[in-house]
Amino acid sequence: MASTQPTSDKGRRNTGEQAPVIRVIGLAKSYGKNAVHKDINLMVNNGEILTLMGGSGSGKSVLLRSLIGLEKPDRGEIYFHDQEITQLSEEDLISVRKRIAYVFQYGALFDSLTVMENLAYPLIEHTQLDEKQIRDKVLETLKKLNLEGTHNLRPADLSGGMQRRVGVARSIIMDPEIILYDEPTTGLDPYNSKQIINIMVQLKNSGVTAVLVTHDMHTIFAVSDRIAFLKDGVIAVEGAAEELRTSKNPLVHGFIHGDTM
């Protein structure tokens, strides 16, 4: 359960295991004198949901944003398959962002656009689909998320839970390989939290890999395969979700049960 260094691709192939889809090696990031990340080493395996857990200010969201190039580390490497992405230009990152989707905490929808227009936007920008194909793709995606009939509405016409689901719908409209979830159930009532959890599980079952940041213990243990616990700028503990749920490690046990931090 202790934190480990990423395994090399060569060693992984020799054991018959599949290479990770994301590798983080020696990542460091500071803001002024505040060292958020000191030496982050992490792997995300194909088809799993990995949760980043830790106290406020431990750098979970900074790490999540780094995985898609929204944050630039001071030192270290991030590999998406065999491509190192930390040195890519904004233009070169476009191809990566087509395959790695980001679900923002509150949906981040365009207020002035309808749901149809919000979901159509990435298709218009990054595909050669015609108008009918785009409309059909949007309606099909909304149906998957139980959002039929919302396409002509604007975000202000939707509940908070529905806005989150539309945000997820827009993120998966390009059929990404990986989804990064930033606090997807924060502030939602139990019904809408369950809806989001169900969507995450369905996407995982369809083969989508995910990295999750959340403080919601119910969500963590409902969807996670593995958990990486951030503390003092490093991955302090890492292991299977069930292993950490029942861990006697004072740091992990105290955090999960609200005794520390």
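General remarks:
- Candidates are the residues of segment 88-141 that are touching a Ser or Thr at 6+ places or on another chain (Cβ under 8 Å) and touching a residue at least 60 places away in the same chain (Cβ under 8 Å); the one that is surrounded by the most Cβ atoms within 10 Å (Cβ to Cβ) is V103.
- The combined condition, being touching a His at 6+ places or on another chain (Cβ under 7 Å) and under 26 Å from K204 (Cβ atoms), is fulfilled by S247.
- Scanning segment 176-193 for residues that are surrounded by fewer than 18 Cβ atoms within 10 Å (Cβ to Cβ) and within 19 Å of I256 (Cβ to Cβ) yields a single hit, T186.
- Among residues of segment 144-156 being of a type in the set (D, E, K, R) and either farther than 20 Å from T185 by Cα or touching a residue at least 60 places away in the same chain (Cβ under 8 Å) (or both), the one that is surrounded by the most Cβ atoms within 10 Å (Cβ to Cβ) is R154.
- Scanning segment 65-75 for residues that are closer than 30 Å to E242 by Cα and surrounded by fewer than 21 Cβ atoms within 10 Å (Cβ to Cβ) turns up R65, I68.
- Segment 194-216, subset over 25 Å from A19 (Cβ atoms) and under 16 Å from the mean Cα position of the chain (by Cα), residue surrounded by the fewest Cβ atoms within 10 Å (Cβ to Cβ): Q202
- Look at (1) more than 17 Å from the chain's Cα centre (by Cα); (2) farther than 28 Å from H215 by Cβ and you find that M162 fails only one, number (2).
- Flag: Q128 matches the condition of being more than 19 Å from F221 (Cα to Cα) and of a type in the set (S, T, N, Q).
- Conditions (1) among the hydroxyl-bearing types (S, T, Y); (2) exposed (fewer than 14 other Cβ atoms within 10 Å of the Cβ); (3) within 30 Å of V44 (Cα to Cα): number failed by S159: (3)
- Subset of segment 57-87 [polar (S, T, N, Q), outside any strand (DSSP E or B) and free of Cβ contacts under 8 Å to residues at least 60 places away in the same chain]: S66, T86, Q87
- Of all the residues in segment 236-248, those that are surrounded by fewer than 17 Cβ atoms within 10 Å (Cβ to Cβ) and either modelled with pLDDT under 85 or not in a strand (DSSP E or B) (or both) number 5.
- Pick from segment 97-129, criterion β-branched (V, I, T) and in contact with a strand residue (DSSP E or B) (Cβ under 6 Å, 6 or more places away or on another chain), ranking: nearest to A19 (Cα to Cα): I100
- Unmet requirement for I40, which otherwise passes all of (1) touching a residue at least 60 places away in the same chain (Cβ under 8 Å); (2) surrounded by fewer than 20 Cβ atoms within 10 Å (Cβ to Cβ); (3) not small (G, A, S): (2)
- Search result, residues across segment 10-34 that are surrounded by 15 or more Cβ atoms within 10 Å (Cβ to Cβ) and either part of a strand (DSSP E or B) or at pLDDT below 90 (or both): R12, A19, I22, R23, V24, I25, G26, L27, A28, K29
- Taken together, the residues in segment 84-102 that are in contact with a Gly (Cβ under 9 Å, 6 or more places away or on another chain), of a type in the set (D, E, K, R) and under 11 Å from I178 (Cβ atoms) amount to 1.
The values are calculated or read from the model by the stated rules, or taken from the named source; none is laboratory data. Keep in mind that what you see is a predicted model, and the values were worked out from it rather than measured. Using ideal geometry, Cβ is built from the backbone for each residue, glycine included, and neighbour counts are taken over all protein chains shown.
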